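Accompanying notes for the structure given below.
The values are calculated or read from the model by the stated rules, or taken from the named source; none is laboratory data. Not measured: the values here are computed from a predicted model. Quick reminder, even Gly has a Cβ in these numbers, built from the backbone with ideal geometry, and neighbours come from all protein chains shown.
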Amino acid sequence: MAHSDYADAGVDIEAGNRAVALMKAAVKSTYGAEVLGGIGSFGGMYDASALKDMKAPVLVASTDGVGTKVKIAAQAKQYRSTGYDIVNHCINDILVQGARPLFFLDYFATSKLDAQIVAEVVTGISEACRAAGCALIGGETAEMPGVYAPGEFDIAGTIVGVLERAAALPRPDIGPGDILVGVRSSGPHTNGYSLIRKVFEGIPLDTVLPELGIPLAEALLVPHRSYYSLLYPLLPGIKALAHLTGGGFIENIPRVLPENVNAVINMQAWSVPPLFRLIQARGMVASKEMYRVFNMGIGMVVIVDKKLAEILQKAIPEETFIIGELVEGNRKVILK
């Protein structure tokens with residue numbers, strides 16, 4: 001009797017084709033006139049002619065994953081938000097250098113393809129790309145039984161953006177006296193989820209903890225927010241940006257500091273959201289460790305000249321916080 005060897009090995013080509021059909025419209029909605037060719041080509045093509053109008057265009061690329069947040073998404077059977085997570089994380093990572101996004105590519109891998117789940121994730125990716133004027137020009141969907149446990153999946157993404165070389169961040173005049181303005185995060189974003197999973201182990205995801213007032217899954221799966229539309233127009237007046245991802249305050253802020261400068265953070269300058277306080281209490285996590293692992297409610301740090309701090313805060317249409325300042329030092333973060 002004839003049979004499909006590949007299907008017997010656990011790989012369903014038809015499921016992949018169904019997934020592509022389901023997500024086609026969402027992906028196409030991210031296309032501008034620059035996207036050449038369609039879905040299914042071996043490589044995504046993007047017309048870069050517009051870059052010729054720039055004085056010294058610099059391409060900025062970044063690649064990332066969503067980490068173990070995908071395990072909570074799989075358990076909760078809520079997938080779309082992870083699409084936002086991967087795109088917005090990448091957008092913020094190139095925004096801190098002053099770049100605007102051009103195009104994005106995604107990678108989705110799982111033990112067994114469920115066309116509906118893939119379509120849900122890629123729809124989230126498409127929506128986040130569309131919001132930033134970024135084209136989703138390619139991707140890969142991989143079915144890998146034996147590599148991933150049943151029901152598990154992983155996502156990664158790559159972004160390419162562009163900036164004018166003279167406008168690159170951080171700027172060379174960053175130094176003592178500059179002010180740190182904190183912009184709120186939407187939650188833990190995509191970091192610290194291995195610790196989060198350990199802290200809440202055994203608690204059903206539909207539990208409404210009194211400190212949170214919403215189901216645990218909802219609190220943990222809030223999408224990583226994008227700061228692009230908020231901060232990109234203000235970049236000319238900004239000296240540096242630090243995206244608080246893995247490594248929190250302690251490891252991310254020094255990435256934009258000169259050798260002889262420290263950042264002093266006033267931990268009383270903003271109220272830490274209840275979820276982080278709950279994680280700290282339940283996990284008995286030391287304060288410094290919390291600020292090394294999590295964003296603690298501040299997702300992006302803006303470094304600005306002292307004279308411009310108030311103007312910047314007024315230009316951002318939401319509450320922001322003066323969370324610290326730069327002083328002489330040796331490229332460290334001091335929490336006080």
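Of note:
- Against the numbered list (1) buried (at least 17 other Cβ atoms within 10 Å of the Cβ); (2) modelled with pLDDT of 95 or more, residue 133 comes up short only at (1).
- Residue satisfying all of: in the stretch 242-277; within 19 Å of the chain's Cα centre (by Cα) and β-branched (Val, Ile, Thr); farthest from residue 293 (Cα to Cα) among these: 256
- Residue 186 modelled with pLDDT of 95 or more, in contact with a His (Cβ under 8 Å, 6 or more places away or on another chain) and among the polar types (S, T, N, Q): yes
- Single residue of 202, 237, 246 found to be within 30 Å of residue 102 (Cβ to Cβ) and at pLDDT below 95: 246
- Of everything in the stretch 316-336 that is charged (D, E, K, R) and assigned to a loop (DSSP other than H, G, I, E, B), the residue that is surrounded by the most Cβ atoms within 10 Å (Cβ to Cβ) is 331.
- Within the stretch 64-73, one or more residues are touching a His at 6+ places or on another chain (Cβ under 9 Å), assigned by TED's automatic domain parsing to the domain that holds residue 159, among the aliphatic types (A, V, I, L, M) and modelled with pLDDT under 95.
- Members of the stretch 85-100 that are assigned to a helix (DSSP H, G or I) and surrounded by fewer than 24 Cβ atoms within 10 Å (Cβ to Cβ): 93, 94
- Identity of the residue in the stretch 26-57, part of a strand (DSSP E or B) and over 12 Å from residue 102 (Cβ atoms), that ends up nearest to the chain's Cα centre (by Cα): 45
- From 108, 103, residue being modelled with pLDDT of 95 or more, in the same structural domain as residue 41 (by TED's automatic domain parsing), aromatic (Phe, Trp, Tyr) and in a strand (DSSP E or B): 103
- Complete set of residues in the stretch 114-152 that are part of a helix (DSSP H, G or I) and closer than 11 Å to residue 79 by Cβ: 116, 117, 118, 119, 120, 121, 122, 123, 124, 125
- Yes/no for residue 269 being in contact (Cβ under 8 Å) with a residue 40 or more places away in the chain and buried (at least 16 other Cβ atoms within 10 Å of the Cβ): no
- Residue, surrounded by the most Cβ atoms within 10 Å (Cβ to Cβ), within the stretch 62-84, restricted to residues that are under 23 Å from residue 145 (Cβ atoms) and hydroxyl-bearing (Ser, Thr, Tyr): 82
Conditions (1) touching a helix residue (DSSP H, G or I) at 6+ places or on another chain (Cβ under 6 Å); (2) aliphatic (A, V, I, L, M); (3) in the same structural domain as residue 56 (by TED's automatic domain parsing), marked per residue:
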residue	(1), (2), (3)
120	yes, no, yes
126	yes, no, yes
130	no, no, yes
135	no, yes, yes
142	no, yes, yes
148	no, no, yes
157	yes, no, yes
163	no, yes, yes
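- Flag if residue 306 is farther than 20 Å from residue 98 by Cα, more than 23 Å from the chain's Cα centre (by Cα), free of Cβ contacts under 8 Å to residues at least 12 places away in the same chain and surrounded by fewer than 21 Cβ atoms within 10 Å (Cβ to Cβ): no
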